[in-house]
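Notes to accompany the following structure.
The values are calculated or read from the model by the stated rules, or taken from the named source; none is laboratory data. Computed from a prediction, not measured in an experiment: that's the story for all the values here. No Cβ is skipped: glycine too gets one built from the backbone with ideal geometry, and neighbour counts run over all protein chains shown. For accessibility, only protein heavy atoms count, side chains too; no ligands or nucleic acids. Shrake-Rupley method; radii C 1.70, N 1.55, O 1.52, S 1.80 Å.
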Amino acid sequence: MKVRDFMSKNLVYVSPETSVTDAKALMMKEKISKLPVLDKSNRLVGLITKNDLKKADPSSASTLDIYELGYLLSKLKVEKIMIRKVETVDAEEVVEEAARFMADRKIGCLPVMENGVLSGIITETDIFKAFVTMFGARHPGVRSIIQLNEKPGELAKIVDKIAEKNGNIVSLVTADGKDVTKKAVTIKVGNISKSDIEEIYKNADVEIIDIRETK
């Protein structure tokens with residue numbers, strides 16, 4: 001799955017000349033927390049987040065009254081507080097690489113570029129949606145986590161046995177196991193009973209970490 005499959009395509013953006021007050025209002029209206037900043041040539045020149053807007057608010061110790069504060073914020077432009085060095089991702093990048101990059105850099109979104117043009121934005125919420133899809137969370141079945149030896153063919157043996165029972169694999173995700181010799185495999189299977197899956201694992205001498213039926 002690629003970034004383009006999960007990114008938000010209906011872009012909401014502002015210009016560098018947009019006031020902080022208008023940017024806040026737009027975020028509230030659209031129920032979003034990030035806004036790309038595009039110049040007159042529709043080039044990405046910055047990014048502004050809800051946190052950036054909060055930082056722009058005058059200190060609570062300010063002696064200015066509410067009308068003076070409102071006036072100052074209406075004059076303050078997005079270009080003065082926006083993030084100028086914006087990390088981006090290509091639409092053809094795989095979604096897990098985008099997620100890794102966001103986690104490593106501790107950032108909440110990535111504007112998505114296609115042929116040098118901004119075509120979307122992928123956020124933490126979009127990554128959560130990808131996570132739900134990858135694990136087949138919206139589909140019923142028997143979900144299990146098992147430990148397999150880190151050897152070629154180990155997973156194929158289990159998959160073959162499931163196929164013999166006419167089971168349909170809904171999702172399959174691997175992760176590091178207890179040590180370098182093991183692999184943790186999360187697998188959800190439809191059209192098969194929990195007891196049949198347990199029997200397959202027992203006959204294959206596979207360690208079951210967790211197994212449950214999901215709806």
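Averaging Cα coordinates gives a centre for segment 3-56 and one for segment 143-211; these two points are 44 Å apart.
Give, in nm to one decimal, the length gained when the segment between A204 and E114 is fully stretched (0.36 nm per residue of separation minus the Cα-Cα distance).
Full extension from A204 to E114 adds 27.7 nm.
Rounded to the nearest 10 degrees, the inclination of helix 194-203 to the longest alpha-carbon principal axis of the chain is 60 degrees. Across the protein chains, with a 1.4 Å probe defining accessible surface, the residues Y13, Y201 rank Y13, Y201 from largest area downward. Working from label points 7 Å from Cα in the Cα-to-Cβ sense, the I211 to K55 distance is 5.2 nm.
Taking θ as phi - 60° and the Karplus parameters 6.51, -1.76 and 1.60, the scalar couplings of segment 154-167 work out to 5, 5, 4, 4, 5, 4, 4, 5, 5, 5, 4, 8, 6, x Hz in sequence order, x denoting glycine and proline.
Computed over the Cα atoms of the chain, what is the convex hull's projected area averaged over all directions, in nm²?
It is 16.6 nm².
In this structure the amide hydrogen of V170, modeled in the peptide plane, comes within under 5 Å of the amide hydrogens of K188, V189, G190, none closer than 5 places in sequence on its chain. With R₀ fixed at 45 Å, the C-beta to C-beta distance from S74 to A156 puts the FRET efficiency at about 0.10. Surface composition of the chain: carbon plus sulfur atoms hold 51% of the accessible area, using a 1.4 angstrom probe and ignoring ligands, DNA and RNA. 3J(HN,Hα) along segment 179-188, derived from phi through the Karplus expression 6.51 cos²θ - 1.76 cosθ + 1.60 where θ = phi - 60°, amounts to 8, 5, 8, 10, 10, 8, 10, 9, 9, 10 Hz, with x in place of Gly and Pro. Between helix 66-75 and the chain, what is the angle of the helix's C-alpha long axis to the longest principal axis, kept within 0 to 90° and rounded to the nearest 10? That helix lies at roughly 80 degrees to the long axis.
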